[in-house]
Structure formats: C-alpha cells, structure tokens
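Asks: I have a structure I would like to understand better, so I am pasting it below and will then ask my questions one at a time.
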Amino acid sequence: MITSQLLNPKSIVVVGGSDDIQKPGGKVLRNLLDGSFSGNLYVVNPKADNVQGVRTFAAVEDLPQVDMAILAIAAKFCPNAVRELAEKKNTKAFIILSAGFHEESEEGALLENEIVDIINANGACLIGPNCVGVMNSNYQGVFTTPIPKFDPQGIDFVSGSGATAVFIMESGIPNGLKFSSVYSVGNSAQMGVEEIIKYLDESYEEGVSSKVKLIYIESINKPDMLLKHASSLISKGCKIAAIKSGCSEAGSRAASSHTGALASPDVAVDALFRKAGIVRCYGREELATVAGIFMHPELKGKNIAVITHAGGPAVMLTDVLSNNGLNVPAIEGPKADELLGKLFAGSSVANPIDFLATGTAQQLGDIIDACDNDFDNIDAMAVIFGSPGLFPVYDVYDVLDKKMKECKKPIYPILPSVVNVGDEIKEFLSKGRVNFPDEVVFGAALAKVHATPKPAELDGNSLNLDVKAIRQIVDEAENGYLSPEKVQVLLDAAGVARAKEMVVDTEAGCIAAVKEIGFPIVMKVVGPVHKSDVGGVVLNVNSEEVAKTEFNRMMKIKDTTAILLQPMLTGTQLFVGAKQEGAFGHLVFCGLGGIFIEVLKDVTSGLAPIGNTEALSMIRSLKSYKIIEGARGQEPVNEALYAKVIERVSELCKIAPEIFEMDINPLLGSKDKVVAVDARIRIEK
C-alpha cells in the first residue's frame with residue numbers, strides 16, 4: 001500500500017546523507033534542499049555534526065519521530081535501521097536507494113525479505129531497494145538528475161529501472177514534458193509497477209489527478225492487477241503508454257502444436273496491453289513522443305492536414321502517416337481556392353499544405369483557421385515549421401500557440417530547428433506546449449496511439465457451457481493429449497459445432513463406419529501429432545475399396561493407434577487455438593487454418609476471457625480478413641459464428657485451466673455454419 005507519508009511527508013531523514021554530492025546519500029540530500037522541501041529534514045551520519053547545513057544525528061536511535069526515511073547505507077545495515085524507524089520512530093514510508101539485495105545474492109535476498117516483513121508488520125510502505133527514489137511536487141527524493149518541472153496535470157511515471165527512468169525523462173523534458181510524479185521501484189520488494197498503477201487507479205480523482213501515465217517495466221509479475229487497474233484508468237479517461245523490455249527469447253521452446261509455436265510471453269504482453277488499452281512502445285524516444293501526443297486533445301478521426309513551409313519533412317510525414325493507417329486527404333474546392341489566394345505564388349493547398357520557406361505567421365494563421373472551420377475532411381493538423389537561422393520566428397510560434405488555444409481540432413507542433421531557433425522554441429515550451437522535433441517519429445507514434453483500441457469489455461451473454469461434463473473429462477485425464485473421443489466430448493460440452501467423427505481400429509469397424517457416415521469421407525491417423533507430415537490424412541475417399549486400402553496403409557504409420565473418419569466437408573479453413581501462458585492465463589488465437597497457419601502465420605491473439613466484441617475485433621484484424629469476408633465472389637464466413645467459437649474456447653479454458661494448449665484446425669466456415677473438423681487438446685496439471 002502507498003501511505004500518505006510517501007506522497008507528502010512532513011519530515012524526512014536521509015540515513016547515510018553526506019556532503020559528497022557525487023554519492024547517492026549526498027545527492028539525494030542536495031535534491032531535497034534544492035527542491036525546497038518544506039518539512040523537517042534530518043540526516044543520520046555518525047561521522048559528521050552537520051551535513052549540507054542539515055541537522056545531523058549519529059544514529060537512527062537519536063532521531064525524533066519522522067514520516068519518511070531514505071536509506072543510502074550498505075545493505076547489511078538496512079534491516080536494523082528500518083526496524084528502529086518503523087517500530088520506534090513511527091516511520092511509515094521508506095525509500096531504500098542501496099543495492100546489494102536479491103539482485104546480487106541469496107544473502108541479499110534474505111536481508112530484503114527481513115526488511116519487507118518489518119515494514120508490513122508496521123503498516124508502512126517501501127519503494128526499492130536498489131532504486132533511484134521517488135519525486136513529486138512535494139519533495140524530490142532521488143539521487144539523480146534531471147529534476148523535471150512538476151504539474152498536477154503532468155505525467156505520472158512508474159519505472160522498474162532507475163537508469164531508464166532518467167534516460168526517458170531526458171528524452172521528454174527538452175520537448176516540454178512535465179511530470180506529476182516519478183516512481184523508481186527498483187527491486188519491487190514490496191511494491192512494484194503493478195501496485196503503483198493500482199494506487200493511481202484507486203486514488204484517481206477527476207479534474208485533480210493526472211490523466212497521463214507512462215510505464216517502463218521489465219517483468220510483469222501480476223498481470224491481472226495491471227490489466228484491471230490500467231483498464232480502469234483508461235476507462236476513466238486516462239491515457240497509458242508502456243515499454244515492456246525483455247521481449248525476445250533466445251531460442252523458442254519446443255512446441256508440439258501450432259498454437260504452442262505461435263505463443264510466447266511477449267505475445268501475452270501484447271495481448272494484455274491491447275486488452276487494457278495501453279499503447280505499447282519499444283524505445284525512449286517513442287515513449288516520450290507518445291506522451292507528448294497524450295498531452296494534446298484526442299484525435300477523433302483519421303484525416304490529417306500536413307501544414308509546412310518545407311517540402312521534404314512534409315513528404316516524410318505524409319509517408320509515415322499513410323503507411324500506418326492514417327490519411328492525408330486531398331483538399332480542394334472553392335474554400336481551398338480561397339485559401340490559396342491568401343498565400344504566396346507557388347504555394348500549394350492540396351495537402352500537404354506548403355506555404356513555402358517565405359511563408360508568414362499571418363499565412364499560417366489563415367491556413368489553420370481554414371483547416372479548423374472550412375475543411376470537414378480534416379480531423380487534425382500537424383504543423384512543421386523550422387528555420388534556416390536567417391531571422392527569428394517568435395511571431396510564428398506565437399500564432400501557433402494562439403491557434404492551439406482557439407481551435408476545435410488538435411494541432412501538433414513539429415518544430416525541428418532545435419538549434420537555429422532554440423530560444424524561440426524554449427519560449428514556446430514555457431507556455432505549456434510540447435514539441436515534436438522529428439516528424440517521422442511523431443507520425444509513427446500518432447498512428448500507433450490512434451490504432452490502440454479502447455479497453456476490452458466482456459459481453460454479458462451466457463454461453464451455457466456444460467461445466468460438469470468438462471470438469472469430469474479434465475479431472476479424470478492424465479497429463480498429455482486427450483484421446484479423440486474425449487476431445488469430442490469437450491467440444492460438445494463447450495458448444496463448438498463439430499463434424500461427425502468415428503474412430504476405428506479394425507478393418508471391419510472401418511467399413512461399418514463408412515456405411516454410417518456416407519461418402520465422401522476423410523481419413524486421419526490417431527496418434528502422430530502432425531498428421532499430414534507422415535501421410536496420415538486422406539481426402540475424398542469415395543469407395544469401400546479405397547477405404548480398406550488406406551486403412552491398412554495408415555495403421556502401419558509409426559505411433560498410429562486408430563483411424564478417425566469424418567464426412568468430407570467444404571468451406572474456408574479457419575483456426576482457433578489456446579495456450580496457457582503462466583500468470584497471464586490463456587492466450588486465444590484465431591486465423592486462417594489448414595496449412596495457411598504455418599505458411600502465412602497470420603493470426604491474432606487475445607487474453608482470455610474474451611467477449612463477443614473482442615472476438616470480432618480479433619477476426620477483423622487479420623490480414624486475411626478479406627478472405628473471410630468473401631473476396632472475389634467466394635462464399636463468406638459467418639463471422640458471428642466464428643466469433644462464438646473464439647468466445648467458447650476462451651470460456652472452456654476458464655473452466656478448465658489445466659488445458660495447456662489446444663488447436664481446432666481446421667474449422668470449416670461458410671455463410672451459415674462454422675464446424676470443427678479436427679482438434680487436439682493437451683492437459684498439464
């Protein structure tokens with residue numbers, strides 16, 4: 001839990017504070033003093049009577065009551081100091097800057113656990129250890145720089161890495177980003193990124209709390225907590241962007257199903273962020289740029305006017321916007337002609353709107369007014385205005401600031417001349433503005449923000465799965481793949497329509513089954529995992545003679561225990577699968593089936609549970625969606641039925657979390673039915 005003493009302490013002690021500002025204990029004290037902390041400030045240092053002008057004590061035992069302690073002493077000394085402060089000095093907030101805990105050794109892990117036990121027993125909170133600290137408008141309890149400008153409507157920034165937090169702030173502060181709070185959680189011994197986001201959600205107050213949150217996280221240990229509270233914040237009107245590092249695997253683990261090969265922890269992270277509505281970023285500049293976009297009014301449509309006095313940057317911005325799902329629509333008609341008449345000869349209003357290197361502040365104002373009022377096919381404006389350094393451009397940036405206050409549509413300032421007109425940009429930023437110095441980074445970030453969905457909501461419709469039948473099969477099952485007969489029972493219990501199947505292990509049984517099913521039929525081996533690879537699938541069997549021949553041939557294939565017979569059905573081959581991914585729960589996948597899943601690998605994923613809206617979104621996000629729609633006169637797939645299969649597989653995994661991985665491949669889809677033809681389910685308890 002986060003205590004009030006962590007947020008707004010009335011007294012702080014720096015244990016290990018010194019005069020040496022090149023050491024953490026000295027630097028954090030310097031930052032507290034420079035930040036004009038208004039409460040009582042103390043230092044514990046047995047070797048000095050006075051440190052940086054602050055009242056100093058030889059030991060923690062000598063201190064008065066104190067709200068917060070910042071520790072910058074060796075790890076081995078921390079438990080005793082924490083115990084004395086928590087039990088005797090009523091200290092309710094601790095920031096431990098020191099390293100030497102679980103990140104270094106087993107002994108360090110024991111020290112860390114001891115500290116957490118003490119803090120929990122006394123109703124206190126801990127940030128760290130092995131962190132750079134915490135800062136907000138009340139105090140700057142960090143041993144690093146830069147110290148940003150603080151604003152209640154600035155950014156709440158939570159980072160699992162202290163150094164990365166510093167570098168991300170260094171990327172954003174020069175562009176005008178302001179912060180509301182910064183948390184470096186380090187080892188996250190008591191509270192990690194997830195707990196801070198939980199607090200920001202539970203304490204959120206409309207009109208008071210910041211609406212922008214940035215996250216840098218290396219390990220998602222509590223995905224359910226992060227999903228719940230990030231979704232809640234975004235539903236309240238907040239915007240969240242995050243970097244999750246450590247996303248590659250050095251060699252993927254062996255997988256025995258299509259779904260297993262497609263799944264990975266990073267796919268799970270993608271699915272979680274998408275479900276929550278978090279914009280996922282992959283680098284510092286991208287994260288800082290997305291944060292800047294968050295500081296502007298929300299983009300409501302896809303159509304952007306690119307306003308420029310320089311051709312090259314406008315072309316590059318147009319390219320990146322157009323290639324990433326946004327539009328730079330043509331501007332034409334009488335109003336366009338009227339605007340062109342206000343510009344110098346040689347200008348263009350076609351979009352990009354190029355008013356030349358000689359363009360004036362007045363002309364920029366005229367262009368912005370026209371885009372805001374006259375052109376209904378424009379949803380936002382990106383204004384590129386730099387300088388070759390020949391003359392000042394204060395008047396241009398003044399107009400830009402004025403129009404950003406007045407206009408109904410978002411205006412994004414791209415001011416690339418950070419050297420030539422650095423003073424003008426500095427004045428522009430001092431008015432509370434944010435600059436995007438690189439048009440391509442901006443364009444890609446804007447497209448990503450626009451493409452990130454809102455938090456997924458589960459639909460309330462009951463799917464009425466047969467829980468009793470599902471649990472009976474799973475409870476009785478051993479680890480490994482279920483037999484075809486048990487897979488059939490599970491699919492039936494889940495309400496997934498399937499082709500009629502019969503499993504035989506004798507020639508006589510094969511002929512009897514053929515007569516019952518009717519021709520044409522499909523024959524598949526039971527046992528081998530990848531049936532097609534071993535010649536274990538035969539299509540369009542049209543006679544008893546062929547059925548006998550193929551039965552006898554296929555029974556000789558290695559690992560084959562029986563033959564599965566089905567009617568030969570037609571339709572578009574689809575796929576639905578699921579995979580258990582640790583604490584994330586189950587990932588559910590969909591895409592084109594059959595061999596296409598291996599060749600195209602065109603799949604989308606969602607984190608269970610999945611409702612109807614999210615299932616339909618997964619289907620419509622496929623690159624091959626036009627095939628499902630019925631491209632070139634082909635019969636379309638019934639999307640509603642396909643989505644129901646995704647929902648039912650998601651619910652099946654909820655009822656039976658022991659399902660480690662499953663494939664339904666192929667599903668055959670047509671305009672009036674979606675039928676499972678083949679399925680495998682692996683249980684791991």
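Asks: Any idea which of 501, 439, 516, 478 is surrounded by fewer than 15 Cβ atoms within 10 Å (Cβ to Cβ) and either in contact with a Phe, Trp or Tyr (Cβ under 9 Å, 6 or more places away or on another chain) or touching a residue at least 60 places away in the same chain (Cβ under 8 Å) (or both)?
Replies: Working: 501 fails: surrounded by fewer than 15 Cβ atoms within 10 Å (Cβ to Cβ); 439 fails: surrounded by fewer than 15 Cβ atoms within 10 Å (Cβ to Cβ); 516 fails: either in contact with a Phe, Trp or Tyr (Cβ under 9 Å, 6 or more places away or on another chain) or touching a residue at least 60 places away in the same chain (Cβ under 8 Å) (or both).
When all the criteria are applied, what remains is 478.
Asks: Determine whether segment 356-367 contains at least one residue that is touching a Lys or Arg at 6+ places or on another chain (Cβ under 9 Å), of a type in the set (Gly, Ala, Ser) and surrounded by 15 or more Cβ atoms within 10 Å (Cβ to Cβ).
Replies: At the first step, the residues of segment 356-367 found to be touching a Lys or Arg at 6+ places or on another chain (Cβ under 9 Å) are 362-367.
In the following step, the residues that additionally are of a type in the set (Gly, Ala, Ser) were identified as 365.
Subset that is surrounded by 15 or more Cβ atoms within 10 Å (Cβ to Cβ): 365.
Yes, there is a match, as at least one residue in segment 356-367 is touching a Lys or Arg at 6+ places or on another chain (Cβ under 9 Å), of a type in the set (Gly, Ala, Ser) and surrounded by 15 or more Cβ atoms within 10 Å (Cβ to Cβ).
Asks: Moving on to the next point. Being in contact with a strand residue (DSSP E or B) (Cβ under 6 Å, 6 or more places away or on another chain) and buried (at least 18 other Cβ atoms within 10 Å of the Cβ) narrows it down to one of 186, 192, 133, 172, so name that one. Let's see the steps before the verdict.
Replies: On the way: 186 fails: in contact with a strand residue (DSSP E or B) (Cβ under 6 Å, 6 or more places away or on another chain); 192 fails: in contact with a strand residue (DSSP E or B) (Cβ under 6 Å, 6 or more places away or on another chain); 172 fails: in contact with a strand residue (DSSP E or B) (Cβ under 6 Å, 6 or more places away or on another chain).
So the residue among 186, 192, 133, 172 that is in contact with a strand residue (DSSP E or B) (Cβ under 6 Å, 6 or more places away or on another chain) and buried (at least 18 other Cβ atoms within 10 Å of the Cβ) is 133.
Asks: Restricting attention to helices (runs of 4 or more DSSP H) lying wholly within segment 439-501, give those where 3 or more residues are in contact with a strand residue (DSSP E or B) (Cβ under 8 Å, 6 or more places away or on another chain) and not assigned by TED's automatic domain parsing to the domain that holds residue 270. Can you show your working first?
Replies: Numbers: elements: 439-451, 467-476, 484-494.
By residue number, 439-451, 484-494.
Asks: Here's a follow-up. Quick check: anything in segment 282-294 in a helix (DSSP H, G or I) and under 30 Å from residue 661 (Cα atoms)?
Replies: At the first step, the residues of segment 282-294 found to be in a helix (DSSP H, G or I) are 284-294.
When the remaining residues are screened for being under 30 Å from residue 661 (Cα atoms), the result is none.
No, segment 282-294 contains no residue that is in a helix (DSSP H, G or I) and under 30 Å from residue 661 (Cα atoms).
Asks: Out of the residues in segment 585-603 that are in a strand (DSSP E or B) and more than 13 Å from residue 627 (Cα to Cα), which is modelled with the lowest pLDDT? It would help to see each step written out before you state the result.
Replies: Pass one, segment 585-603, residues in a strand (DSSP E or B): 586-592, 603.
Checking the rest, the ones that are also more than 13 Å from residue 627 (Cα to Cα) come to 586-590, 603.
On the way: 586: 96, 587: 96, 588: 97, 589: 96, 590: 96, 603: 91.
Ranking the candidates gives 603 first.
Asks: When residues of segment 303-322 are filtered for being under 19 Å from residue 409 (Cα atoms) and of a type outside the set (Ser, Thr, Tyr), how many remain? Give the steps one after another, and end with the answer.
Replies: Of segment 303-322, the ones under 19 Å from residue 409 (Cα atoms) are 303-308, 317-318, 321.
Those still in the list that are of a type outside the set (Ser, Thr, Tyr) too: 303-307, 317, 321.
Residues flagged as under 19 Å from residue 409 (Cα atoms) and of a type outside the set (Ser, Thr, Tyr) within segment 303-322 amount to 7.
Asks: Continuing with the same structure: Quick one: would you say residue 205 is over 30 Å from residue 582 (Cβ atoms), outside the structural domain of residue 40 (by TED's automatic domain parsing) and free of Cβ contacts under 8 Å to residues at least 12 places away in the same chain?
Replies: On the way: over 30 Å from residue 582 (Cβ atoms): yes; outside the structural domain of residue 40 (by TED's automatic domain parsing): yes; free of Cβ contacts under 8 Å to residues at least 12 places away in the same chain: yes.
The answer is yes for residue 205.
Asks: Taking the condition of being in a strand (DSSP E or B) and not charged (D, E, K, R), how many residues in segment 531-582 meet it?
Replies: 19
Asks: Go over the candidates 53, 100, 39, 26 one by one and state the one that is within 18 Å of residue 185 (Cβ to Cβ), not β-branched (Val, Ile, Thr) and not assigned by TED's automatic domain parsing to the domain that holds residue 199.
Replies: On the way: 53 fails: within 18 Å of residue 185 (Cβ to Cβ); 39 fails: within 18 Å of residue 185 (Cβ to Cβ); 26 fails: within 18 Å of residue 185 (Cβ to Cβ).
One residue alone meets the criteria, 100.
Asks: Would you check if there is a residue in segment 78-97 being among the aromatic types (Phe, Trp, Tyr), touching a helix residue (DSSP H, G or I) at 6+ places or on another chain (Cβ under 9 Å) and touching a residue at least 40 places away in the same chain (Cβ under 8 Å)?
Replies: First, pick out the residues of segment 78-97 that are among the aromatic types (Phe, Trp, Tyr): 94.
The next check asks that each one be touching a helix residue (DSSP H, G or I) at 6+ places or on another chain (Cβ under 9 Å); those that pass are 94.
Filter again for touching a residue at least 40 places away in the same chain (Cβ under 8 Å), leaving none.
The answer is no, given that none of the residues of segment 78-97 is among the aromatic types (Phe, Trp, Tyr), touching a helix residue (DSSP H, G or I) at 6+ places or on another chain (Cβ under 9 Å) and touching a residue at least 40 places away in the same chain (Cβ under 8 Å).
Asks: In addition: Name the strands (runs of 3 or more DSSP E) wholly inside segment 3-112 in which the number of residues that are out of contact with any Cys (no Cβ under 8 Å at 6 or more places or on another chain) and surrounded by 17 or more Cβ atoms within 10 Å (Cβ to Cβ) is 1 or more.
Replies: Filter on segment 3-112 gives 11-15, 40-44, 54-57, 68-71.
Asks: Quickly run through segment 328-367 and pick out the residues that are farther than 15 Å from residue 309 by Cα and in a loop (DSSP other than H, G, I, E, B).
Replies: 328, 329, 330, 331, 332, 333, 341
Asks: Can you go through 646, 628 and tell me which one is part of a helix (DSSP H, G or I), buried (at least 22 other Cβ atoms within 10 Å of the Cβ) and at pLDDT below 95? Quick ask: steps written out before the conclusion?
Replies: Details: 646 fails: at pLDDT below 95.
Step by step, each of 646, 628 is checked, and only 628 is part of a helix (DSSP H, G or I), buried (at least 22 other Cβ atoms within 10 Å of the Cβ) and at pLDDT below 95.
Asks: Among what's in segment 519-547 and is over 51 Å from the mean Cα position of the chain (by Cα) and hydrophobic (A, V, I, L, M, F, W, C), pick the residue that is surrounded by the most Cβ atoms within 10 Å (Cβ to Cβ).
Replies: Filtering segment 519-547 down to residues over 51 Å from the mean Cα position of the chain (by Cα) leaves 542-547.
Among the residues that remain, those that are also hydrophobic (A, V, I, L, M, F, W, C) are: 546-547.
On the way: 546: 17, 547: 24.
Within segment 519-547, the match that is surrounded by the most Cβ atoms within 10 Å (Cβ to Cβ) is 547.
The values are calculated or read from the model by the stated rules, or taken from the named source; none is laboratory data. Only a predicted model underlies this, so the values are computations on that prediction, with no experimental measurement involved. Cβ atoms come from the backbone with ideal geometry, glycine included; neighbour counts cover every protein chain shown.
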